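Below you'll find the structure, written out as structure tokens, and then a few comments.
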Amino acid sequence: MSALRTLSVDLGERSYPVVVGRGARHALRTLMPQGVRRIAVVTQANVPDALIPTFEGVEVHHFTIGDGEAHKSLETIQDLMRGFARAGLTRSDCVLGVGGGLVTDVAGFAAASYHRGIAVAHVATTLLAMVDAAIGGKTGVNIPEGKNLVGAFWQPCAVVCDTEALDTLPESEDRCGRGEMAKYHFIVREDLSALSLEDRIAECIRIKAEVVAGDERESGRRALLNYGHTLAHAIEVNSNWSIAHGEAVVIGLVYAAHLANVMGRIDERRVTEHYAVVQGTYGLSATLSDGFDDDALVASMKRDKKAVTSLTFVLDSSDGLEVVEGISEVHIREALTAHRRYGVSS
């Protein structure tokens, strides 16, 4: 068994540890807030019981939410909070999310909302949750108009990334996690693929923790963590959630490269590098299906959280990633066409 390693998300009085390694879930027993009398475990039916930590001397109440983005909803939040109330949870108690990114997003938002905020901790059981979703305090649910349009910033008190959970995950979950890992490649402009899996997870966490510590509420540099996500969220919504988040992010990454190229920010060589990373290094498909209606995709992208006054993307340049506002819809559509043609010609 490899040694556990602990990283920190430094946010002053709200700083918290992120523990990574096989069996990391057992470390959570010493990381829960003092005085907790009740723990509400939020999980899904497909999460093995063995991955749920046990606690002595406290009441533990279990809540199972549905699988799939359709259950990442306000209805689920209401059901959870009514369950918390029936269980007698107070502001001194804690919610524990055990699962992937959907679970940590939902559990975090429920904790942020119940009694105007109670403690939450996470056991991340998927690769995507470990390198992204469980860390940073962004919580939220979907509405028919878009992904994650309702939510709150609510930092956990602790996160554990138990890599034992990765042993039995299906290939689809692995692909989703690799999609988010590819994003970090472009953020730091470094090849992380030579690292062992645990080292790569820890490095992704370190990068995200550093960004979050400097921009907790996404007013500046933290927006770079959304590289590839603007089109990705539109794809998820318009596929009726049939395309998973990490797989949509991969498509969004190369689309962002096409958009940057159309706008004269990067050359064709850099676009080719994007494909080489996601397809070659991470073994993922980046093809944008002809089945998506461009009008619907553009409408969804206009509702993206970054689009405060205009179409806004995180785009590459010779100086690295930047948040770019006021993007022409003509360029958006031209890049969609370029993306599809590249997929066909390659």
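The values are calculated or read from the model by the stated rules, or taken from the named source; none is laboratory data. Please read these numbers as outputs of a predicted model, since none were measured by experiment. In this analysis, Cβ positions are derived from the backbone assuming ideal geometry, glycine residues included, and neighbour counts consider all displayed protein chains.
Some notes on this structure:
- For the stretch 120-141, a residue qualifies if it is part of a strand (DSSP E or B) and either modelled with pLDDT under 95 or under 26 Å from R22 (Cα atoms) (or both), and the qualifying residues are V120, A121, H122, V123, A124, K138, T139.
- Total residues in the stretch 276-317, condition part of a helix (DSSP H, G or I) and among the acidic types (D, E): 2
- Top-ranked residue of the stretch 96-119 - restricted to ones that are outside any helix (DSSP H, G or I) and in contact with a Ser or Thr (Cβ under 8 Å, 6 or more places away or on another chain), ranked as nearest to E171 (Cα to Cα): G100
- Residue count for the stretch 83-138 satisfying the condition of being buried (at least 24 other Cβ atoms within 10 Å of the Cβ) and among the polar types (S, T, N, Q): 3.
Quick grid of which residues meet (1) of a type in the set (K, R); (2) in contact (Cβ under 8 Å) with a residue 60 or more places away in the chain; (3) in the same structural domain as G83 (by TED's automatic domain parsing); (4) within 30 Å of D215 (Cβ to Cβ):
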{"position": "V18", "(1), (2), (3), (4)": "no, yes, yes, yes"}
{"position": "R22", "(1), (2), (3), (4)": "yes, yes, yes, no"}
{"position": "R38", "(1), (2), (3), (4)": "yes, no, yes, no"}
{"position": "V47", "(1), (2), (3), (4)": "no, yes, yes, no"}
{"position": "I52", "(1), (2), (3), (4)": "no, yes, yes, no"}
{"position": "F55", "(1), (2), (3), (4)": "no, no, yes, no"}
{"position": "V60", "(1), (2), (3), (4)": "no, no, yes, no"}
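- The stretch 67-94: number of residues that are more than 22 Å from P156 (Cβ to Cβ) and either in a helix (DSSP H, G or I) or of a type in the set (S, T, Y) (or both): 4
- Single unsatisfied condition, D294 versus (1) without any contact (Cβ under 8 Å) to a residue 12 or more places away in the chain; (2) in contact with a helix residue (DSSP H, G or I) (Cβ under 8 Å, 6 or more places away or on another chain): (1)
- Scope the stretch 201-221; condition without any contact (Cβ under 8 Å) to a residue 60 or more places away in the chain and basic (K, R); matching residues: R221
- Within the option set V47, V18, V60, V42, being modelled with pLDDT of 95 or more, in a loop (DSSP other than H, G, I, E, B) and either of a type in the set (S, T, N, Q) or in contact with a strand residue (DSSP E or B) (Cβ under 7 Å, 6 or more places away or on another chain) (or both) holds for one residue only, V47.
- Number of residues in the stretch 268-293 that are charged (D, E, K, R) and either under 14 Å from T230 (Cα atoms) or buried (at least 19 other Cβ atoms within 10 Å of the Cβ) (or both) equals 0.
- Scanning the stretch 102-124 for residues that are farther than 17 Å from P33 by Cα and touching a residue at least 60 places away in the same chain (Cβ under 8 Å) returns V103, V106, A110.
- Within the stretch 180-205, the set of residues being surrounded by 15 or more Cβ atoms within 10 Å (Cβ to Cβ) and out of contact with any helix residue (DSSP H, G or I) (no Cβ under 9 Å at 6 or more places or on another chain) comprises just one member, A202.
- For Y184, the criteria (1) touching a Cys at 6+ places or on another chain (Cβ under 7 Å); (2) assigned to a loop (DSSP other than H, G, I, E, B); (3) among the aromatic types (F, W, Y) hold in every case but one, which is (2).
- Qualifying residues in the stretch 68-90 (those that are charged (D, E, K, R) and modelled with pLDDT of 95 or more) - the one farthest from I135 (Cα to Cα): R86
- Restricting C161, C176 to those that are in a helix (DSSP H, G or I), in contact (Cβ under 8 Å) with a residue 12 or more places away in the chain and crowded, with 24+ Cβ neighbours inside 10 Å reduces the list to C176.
- Identity of the residue in the stretch 294-317, within 18 Å of K183 (Cβ to Cβ) and either crowded, with 20+ Cβ neighbours inside 10 Å or at pLDDT 95 or above (or both), that ends up farthest from the chain's Cα centre (by Cα): S317
- When residues in the stretch 179-212 are screened for being of a type in the set (K, R) and more than 19 Å from G136 (Cα to Cα), 1 of them pass.
- Scanning the stretch 318-339 for residues that are more than 24 Å from the chain's Cα centre (by Cα) and either among the basic types (K, R) or surrounded by fewer than 16 Cβ atoms within 10 Å (Cβ to Cβ) (or both) gives S318, D319, G326, S328, E329, V330, R333, T337.
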